[in-house]
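First up is the structure itself, then whatever we jot down about it.
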């Protein structure tokens, strides 16, 4: 079921052959997580991008006064990663926590980049993903 959700999400963003779609899906690995599991801790380098099939994730950081600040919540049928860290390979300034029991798919940074080399449409998908992330972040700031 979760792979069907991801396939539908991808098809909404790009035109892709069944063969290329199957190749893309084969790089995603399923994981179930419990409430409060940490997927990434502040200071770690983000090595994975997640697709949320069920549940939700909280992005948060601890500010200079030690206060826990929620920056963003990702819900079902959305991608999630500490994007700045994922792109730069520098330590993340935020943590990712599972808010409720969740079913996720993840892809590693290396596999994500490998897909861009072997499936040209994946690069187009990534461009859409980055554009959507930029618009969402800008709208939140406004």
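Taken together, the values in this text are just the output of simple stated rules run on the coordinates, not laboratory data. Everything numeric in this text was worked out from a predicted model, so none of it was measured. With ideal geometry, Cβ positions are generated from the backbone for all residues, glycine too; neighbour counts draw on all protein chains shown.
Laid out as a table, the results:
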| item | result |
| --- | --- |
| Point-to-point label distance, residue 93-residue 13, nm (Cα→Cβ direction, 7 Å offset) | 2.3 nm |
| Among 77, 22, 63: highest mean-square fluctuation, GNM of the chain, C-alpha pairs under 10 Å | 63 |
| Extension gain, residue 72 back to residue 100 (0.36 nm per residue minus Cα-Cα distance, nm) | 8.6 nm |
| Average Cα contact separation per residue, the stretch 2-131, under 8 Å, 6 or more apart, as relative contact order % | 35 percent |
| Inter-site label distance for residue 35 and residue 84 at 7 Å from Cα along Cβ, in nm | 3.0 nm |
| The stretch 106-139-the stretch 16-33 distance, computed between alpha-carbon centres (Å) | 14 Å |
| Relative contact order (%) - the stretch 16-86, alpha-carbon pairs under 8 angstrom, separation at least six | 31 percent |
| Quotient of C-alpha Rg and 2.2 N^0.38 Å, computed over the chain | 1.04 |
| Label-point separation, residue 63 to residue 22 (7 Å along Cα→Cβ), nm | 5.2 nm |
| Helical contribution to [θ] at 222 nm, DSSP H n ≥ 4, -39,500 (n - 2.57), averaged over the chain, rounded to 500 | -13000 deg cm²/dmol |
| The chain: most fluctuating residue of 55, 43, 66 per GNM, C-alpha cutoff 10 Å | 66 |
